[in-house]
Amino acid sequence: MRFAAGRLILHRDTHHGRIAFVHPGRVISDDERGLLIWVARDSVIAVETTLDGLFPRDLSFVDWMTTEKAPRIAGWKGPGVLRFFPPGANHSVWFFRDDQGDFTNWYVNLEEAAVRWDDGDVAGIDVIDQDLDIVATPDRSWRWKDEDDFAERLASPEHYWVPDAAAVWAEGRRVIESIEAGAFPFDGTWTDFRPDPSWPVPAELPTGWDRPVVARS
């Protein structure tokens, strides 16, 4: 399925069938290159926390996984961000911006390929984040990010959702080759993007935002 330009869909990060976050994003394009969405500053989001409001980085991984959690409604406080999901690829590319809306860097999120769903009134994609990331700057220099978190989680396979660490590293190295070559989407495409100022900022999540996860559990 493809999503119509302008439609508001939900980007959901999921783990073991649970929803880690829900971010509403407006479809900019959805074609043979992949799906491109825009997440606006101050958009309402849902994020999983412990019952006393702690986030994953506030606890060890094992403590996080064994503590009762629930979704909490919050807001996206950073600058708006473009997110690109290449078809069938085990990563997405986020286009980070500063407060003036100028492009600053790419953020490559290594994850299982997005799985689409459409319930009519609400639709979206479910992904499984693999935690290891890459940050790339406009001069095509790059660095790995969150290697320590990745290693910590791999040490607890009874709780972790990544079955093949080597495949994650290999996907990252393939993306790095594209970064260094300045290949699409690291060729300047969309770095000058500006959202339509008439687009409303999502103030609430639609009914059905917490529908059952469709990504691998």
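The values are calculated or read from the model by the stated rules, or taken from the named source; none is laboratory data. Computed from a prediction, not measured in an experiment: that's the story for all the values here. Methodologically, a virtual Cβ is constructed for each residue, glycine included, from the backbone with ideal geometry; neighbour enumeration extends over all protein chains shown. These area figures cover heavy atoms from the full protein model, side chains too; ligands, DNA and RNA do not enter into them. Shrake-Rupley method; radii C 1.70, N 1.55, O 1.52, S 1.80 Å.
Annotation for segment 79-88: at least one member residue is farther than 16 Å from D126 by Cβ, surrounded by fewer than 19 Cβ atoms within 10 Å (Cβ to Cβ) and more than 13 Å from the chain's Cα centre (by Cα). Contact annotation: residue pairs with Cβ atoms under 6 Å, 6 or more positions apart or on different chains, pairing a residue in segment 186-207 that is touching a residue at least 24 places away in the same chain (Cβ under 8 Å) with a partner that is open to solvent by 70 Å² or more (accessible area, probe 1.4 Å) and assigned to a loop (DSSP other than H, G, I, E, B), are V201/D42.
In segment 84-106, the residues that are within 19 Å of K145 (Cβ to Cβ) and modelled with pLDDT of 95 or more form Cβ pairs under 9 Å with partners that are surrounded by fewer than 16 Cβ atoms within 10 Å (Cβ to Cβ) and of a type in the set (D, E), at six or more places apart or across chains, as follows: F103/D192; T104/D98.
Rundown of residues vs (1) out of contact with any His (no Cβ under 7 Å at 6 or more places or on another chain); (2) of a type in the set (S, T, N, Q); (3) part of a loop (DSSP other than H, G, I, E, B); (4) in contact (Cβ under 8 Å) with a residue 60 or more places away in the chain, yes/no style:
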{"site": "F3", "(1), (2), (3), (4)": "yes, no, yes, yes"}
{"site": "I9", "(1), (2), (3), (4)": "yes, no, no, yes"}
{"site": "T14", "(1), (2), (3), (4)": "yes, yes, no, yes"}
{"site": "V27", "(1), (2), (3), (4)": "yes, no, no, no"}
{"site": "R41", "(1), (2), (3), (4)": "yes, no, yes, yes"}
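Selection over segment 114-156 of residues that are in contact (Cβ under 8 Å) with a residue 40 or more places away in the chain, surrounded by 15 or more Cβ atoms within 10 Å (Cβ to Cβ), over 25 Å from R33 (Cα atoms) and of a type outside the set (K, R) gives a count of 2.
Taking the criterion of being without any contact (Cβ under 8 Å) to a residue 40 or more places away in the chain, outside any helix (DSSP H, G or I) and within 22 Å of W94 (Cα to Cα), the residues of segment 46-70 that qualify are V47, E48, F55.
Tell me whether segment 161-171 contains one or more residues that are within 20 Å of the chain's Cα centre (by Cα) and closer than 28 Å to V44 by Cα. Yes, segment 161-171 contains at least one residue that is within 20 Å of the chain's Cα centre (by Cα) and closer than 28 Å to V44 by Cα. Remark: pairs (first residue in segment 168-181, closer than 13 Å to V108 by Cβ; second residue open to solvent by 40 Å² or more (accessible area, probe 1.4 Å) and charged (D, E, K, R); Cβ separation under 7 Å; 6+ apart in sequence or on different chains) = I179/R140; E180/R140. So which residues in segment 2-44 are open to solvent by 60 Å² or more (accessible area, probe 1.4 Å) and at positive phi, if there are any at all? Answer for segment 2-44, where residues must be open to solvent by 60 Å² or more (accessible area, probe 1.4 Å) and at positive phi: H16, D42.
Looking only at residues in segment 165-217 that are hydroxyl-bearing (S, T, Y) and either over 16 Å from A89 (Cβ atoms) or not in a loop (DSSP other than H, G, I, E, B) (or both), which one is modelled with the lowest pLDDT? Per the criteria, the residue is S217.
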